Amino acid sequence: MATKSGTQTSRKGGPEQGPLFQSSTSARHTLDRMFAVLVFIATMIGLVVLVVLLVDIALDGLPRLSWDFITSYSSVIPDNTGIYPALLGSLWLLALTGIISVPLGIGAATYLEEYAPDNWLTRLIEINISNLAGVPSIIYGLLGLGIFVNLLGPITGGQTIVAGALTLSLLILPVIIIATREAFRTIPGAVREGGYALGATRWEVIKAHLLPMAVPGALTGTILALSRAIGETAPLIVVGAATYITFAPESPLSSYSALPIQIYSWVSQPQPGFQIAAAAGIVVLMVVLLLANSVAIWLRNKYQRRV
C-alpha cells in the first residue's frame, strides 16, 4: 500500500523503498562523490604548486650549495657570501625556543585541564589562549621589543639570542597549549578513575598515566609550533636580529642573525648572485626544518609505541 512519503508496504508488513526515497538517496550519494572530487582537486592543486616551487628553488640553489657556502661568513661579494652565522643563529634560536616553550606549554595545559577549577577566570584564560594563537607575529615582535629588549635588557642583554628565543616562545606557546589540552581530552576518564580508585594522588595519576599518553599529541603540536617559529622573520627583525653580521654567535647573550632574515636580505639585493645564494639558503632552511621535525616525529612515535 503506497503512502504519502513514497514508501510502500510489502505483504510481510515491512517498508519498501519507493522512487522518492531512492531519488533522494541517489542525490546525496552524488553530492558526496562531488565533494570528494573537489577536495581531491584542491589537495592536488596545493601539492602541485608546492612541488613546482620546491623544484624551482632546488634547481636554482643546489648548484650554489657547498661546504664553503655553509661555513663561510656574510660578504658583500655574492660569490663569497656564506650562511654560517645565520645557520648557527637559527640553531641557537630553535634550541632555546624549544627549551623554553615546551615545558611551559605542557605545564600550562596540564594545569588548565587537570587542576584549574571551572570558573569565569579559567574560561577567560582559555578564550585568550585561543585568540592569541591567531595574533599576527609582528605583534609578538613588538611585545618582545618592549619587554625582553627594553624592560629586561639588563638581564637578556638587549638584542640577543635570548630575547629572540623568548619572543618566539610567546609566539608558539598558544599552539602547544591547545594541542596538549586536546591530547589530554582524548584520554578516557576510566584511566583517571582507575588511578584514584587505587589510592593514587592526582599528580601520581598525571605523571604515571596521563602525561605519557598525552605526549604524542603534545609533540605533534610542538612540531607545528617549532616549524612556524624557525621560519618567522618579522618578530626577529623587530627585536633586533641583524641582517648582516661577520661573526658567529657564541652564547645565548650574543648578537645574531637567522636564516629567514639572511634570505630576506639576499632577496632584496639586485645582484643575481645574491638571488642564487637566497635559493641555496632556502634549501638549507628546509633541511634544518626537516631534521628538527624528524627528531620530534621519532620521539612522538617512540612514546606512542610505549603507550
Item checked: Single condition E114 does not satisfy, out of (1) touching a Phe, Trp or Tyr at 6+ places or on another chain (Cβ under 9 Å); (2) of a type outside the set (G, A, S); (3) surrounded by fewer than 16 Cβ atoms within 10 Å (Cβ to Cβ) -> (3)
Check: Given the structure, is L171 touching a residue at least 60 places away in the same chain (Cβ under 8 Å), closer than 19 Å to L236 by Cβ, buried (at least 23 other Cβ atoms within 10 Å of the Cβ) and of a type in the set (A, V, I, L, M, F, W, C)?
Finding: yes
Next item on the list: Looking for whichever is under 26 Å from L253 (Cα atoms), among the small types (G, A, S) and either assigned to a helix (DSSP H, G or I) or under 19 Å from the mean Cα position of the chain (by Cα) (or both) here; the options are G141, G134. Which one fits?
Entry: G141
Next item on the list: Just give me the residues in segment 182-200 being small (G, A, S), more than 23 Å from the chain's Cα centre (by Cα) and assigned to a helix (DSSP H, G or I), in sequence order.
Entry: G189, A190, G194, G195, A197
Margin query: Looking at the structure I just gave you, is A292 within 18 Å of G164 (Cα to Cα) and modelled with pLDDT under 90?
Written below: no
Margin query: Which of the numbered conditions does P154 fail, given that it passes all the others? Conditions: (1) in a helix (DSSP H, G or I); (2) under 20 Å from the mean Cα position of the chain (by Cα); (3) not β-branched (V, I, T).
Written below: (2)
Checklist line | Which numbered condition E232 fails, given (1) within 21 Å of L88 (Cα to Cα); (2) out of contact with any Gly (no Cβ under 9 Å at 6 or more places or on another chain); (3) charged (D, E, K, R) | finding: (2)
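Determine if segment 213-233 includes at least one residue that is among the acidic types (D, E) and surrounded by fewer than 16 Cβ atoms within 10 Å (Cβ to Cβ).
No, segment 213-233 has no match at all.
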Next item on the list: Determine, yes or no, whether T220 is modelled with pLDDT under 85, within 17 Å of the chain's Cα centre (by Cα) and of a type in the set (V, I, T).
Entry: yes
Margin query: The conditions are (1) within 26 Å of T122 (Cβ to Cβ); (2) modelled with pLDDT of 85 or more; (3) part of a helix (DSSP H, G or I), and A165 fails exactly one of them. Which is it?
Written below: (1)
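The values are calculated or read from the model by the stated rules, or taken from the named source; none is laboratory data. Here the structure is a predicted model, which means the values were calculated and not measured. Cβ atoms come from the backbone with ideal geometry, glycine included; neighbour counts cover every protein chain shown.
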